[in-house]
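Reading through the structure tokens given below for one structure.
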Amino acid sequence: MKALIQRVRHARVEVDGEVVGAIDAGLLAFIGVEREDDPSRAARLLERLLGYRVFADENGRMNRSLADVEGGLLLVSQFTLVADTQSGMRPSFSSAAPPEKGRELFELMLTLARERHSNVGCGRFGADMQVSLLNDGPVTFLLES
């Protein structure tokens, strides 16, 4: 699994003009599920999302995690994140998990996140979503499990 994370001042997801998920300061995480992924990888990636130190401490250094700052976490499924773009002029999605498996692992991650963190929002799996954000920094990382 992969997560493209962005430290944000705020972020929201809309589907057909309706806001389906929103957070104030925290992390926006685009989640990509690959064919070989399983529940243990979803749990590991969530652990990294909650513990990855990308927020400033009292000295201005990135030393605090999302859990430390009690920020929001907005999870958005994005199968294009796992595309193979190394050759040609069109992405290949052969490494992406089939939709059923992708939904299962994304929903597992969402359930685990809500059990472990108090402020979790999400997009809508498989929907045409519009994502708005104010990147803080900018700070963006690609995490893999």
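Return only the number of the condition from (1) touching a residue at least 12 places away in the same chain (Cβ under 8 Å); (2) over 18 Å from LEU143 (Cβ atoms); (3) in a strand (DSSP E or B); (4) not polar (S, T, N, Q) that LYS101 does not satisfy. For LYS101, the failing item is (3). Can we say ALA29 is closer than 21 Å to GLN130 by Cβ, small (Gly, Ala, Ser) and not in a loop (DSSP other than H, G, I, E, B)? Yes: the conditions hold for ALA29.
Of all residues in region 13-64, those satisfying the criterion of being more than 16 Å from GLU144 (Cβ to Cβ), of a type in the set (Gly, Ala, Ser) and out of contact with any Gly (no Cβ under 9 Å at 6 or more places or on another chain) are GLY17, ALA56, GLY60. Does region 90-97 contain any residue that is modelled with pLDDT of 95 or more, in a helix (DSSP H, G or I) and among the hydrophobic types (A, V, I, L, M, F, W, C)? Checked against the condition, which is being modelled with pLDDT of 95 or more, in a helix (DSSP H, G or I) and among the hydrophobic types (A, V, I, L, M, F, W, C), region 90-97 yields no hits at all.
So, of the residues in region 95-145 that are of a type in the set (Gly, Ala, Ser) and within 22 Å of ALA22 (Cβ to Cβ), which turns out to be surrounded by the most Cβ atoms within 10 Å (Cβ to Cβ)?
Narrowing region 95-145 to residues of a type in the set (Gly, Ala, Ser): 95-97, 102, 113, 118, 121, 123, 126-127, 132, 137, 145.
Among the residues that remain, those that are also within 22 Å of ALA22 (Cβ to Cβ) are: 113, 118, 121, 123, 126-127, 132, 137.
Values: ALA113: 20, SER118: 9, GLY121: 22, GLY123: 25, GLY126: 12, ALA127: 14, SER132: 13, GLY137: 12.
The residue in question is GLY123.
Output the number of residues of region 69-125 satisfying the condition of being of a type in the set (Gly, Ala, Ser) and over 21 Å from ASP37 (Cα atoms).
First pass over region 69-125, keeping only residues of a type in the set (Gly, Ala, Ser): 71-72, 77, 83, 87-88, 92, 94-97, 102, 113, 118, 121, 123.
When the remaining residues are screened for being over 21 Å from ASP37 (Cα atoms), the result is 71-72, 87-88, 118, 121.
Residues flagged as of a type in the set (Gly, Ala, Ser) and over 21 Å from ASP37 (Cα atoms) within region 69-125 amount to 6.
Within region 51-63, residues that are of a type in the set (Gly, Ala, Ser) sit with their Cβ atoms under 8 Å from residues that are part of a strand (DSSP E or B), at 6+ positions apart or across chains, in these pairs: GLY51/SER65; ALA56/MET62; ALA56/ASN63; ALA56/ARG64. When the residues of region 112-145 are filtered to those that are among the hydroxyl-bearing types (Ser, Thr, Tyr) and part of a loop (DSSP other than H, G, I, E, B), the one that is nearest to ALA11 (Cα to Cα) is SER118.
Residues are listed down the side, and each one gets a yes or a no for (1) more than 18 Å from SER118 (Cα to Cα); (2) in a loop (DSSP other than H, G, I, E, B); (3) touching a Leu at 6+ places or on another chain (Cβ under 9 Å):
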residue: ASP37; (1), (2), (3): yes, yes, yes
residue: ARG41; (1), (2), (3): yes, no, yes
residue: LEU49; (1), (2), (3): no, no, yes
residue: PHE55; (1), (2), (3): no, no, yes
residue: ARG64; (1), (2), (3): no, no, no
residue: ALA67; (1), (2), (3): no, no, yes
residue: VAL76; (1), (2), (3): no, no, yes
residue: LEU81; (1), (2), (3): yes, no, yes
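Scanning region 11-26 for residues that are part of a strand (DSSP E or B) and free of Cβ contacts under 8 Å to residues at least 12 places away in the same chain yields GLU18, VAL19.
Scanning region 1-48 for residues that are exposed (fewer than 14 other Cβ atoms within 10 Å of the Cβ) and either of a type in the set (Val, Ile, Thr) or in contact with a Lys or Arg (Cβ under 7 Å, 6 or more places away or on another chain) (or both) turns up just one, VAL19.
The values are calculated or read from the model by the stated rules, or taken from the named source; none is laboratory data. Remember, predicted model here, so these are calculated numbers, not experimental data. FYI the Cβ positions are ideal-geometry reconstructions off the backbone, even for glycines, and counts take in every protein chain you see.
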